[in-house]
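See structure below.
Coordinate-derived values only; no laboratory data. All values derive from a computational prediction rather than experimental measurement. Cβ placement follows ideal geometry from the backbone for every residue including glycine, while neighbour counts extend to all protein chains displayed.
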Amino acid sequence: MKKKKTHKKKGTGKRSNVALKERVSQEKEPDKEIIEEKEDLRPAQSKRNGSKRPDAGSFAPKRYFLVARQFLADAKVELKKVTWPTRKELLSTTAVVVVLVILIAFFLGIVDLGLVKIIKNVIR
């Protein structure tokens, strides 16, 4: 049997390692972009001024007022992000909820009556 000769590839030195590292880093860059996009999806930081932040040593009613004010400001920012339903969507989902509540109430009423009859028969 003859042994096959193996040939070394040209450029297996440092240059090919550098090229390989560059290629790998280029392939990983899209992941970096995805991470950057996710960072953009974070809620916008409200404009907090260090002087308006309540400290532990401040007067209690003032601190509560500042906390409540900050909460309301954050709530306002979040409400601007809400996608409100149209009138048609609102009416259709409300109808679905009402119908399901009536059906479940009817079902539970029947189950309750059945259990009451079973318990009465057991007690007698």
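Worth pointing out:
- Simple label model, 7 Å out from Cα along Cβ direction - E78 to V111, nm: 3.3 nm
- Cα Rg over Rh - segment 85-124, Kirkwood: 1.41
- Around A95: net Lys/Arg minus Asp/Glu count, Cβ-Cβ under 13 Å: +1
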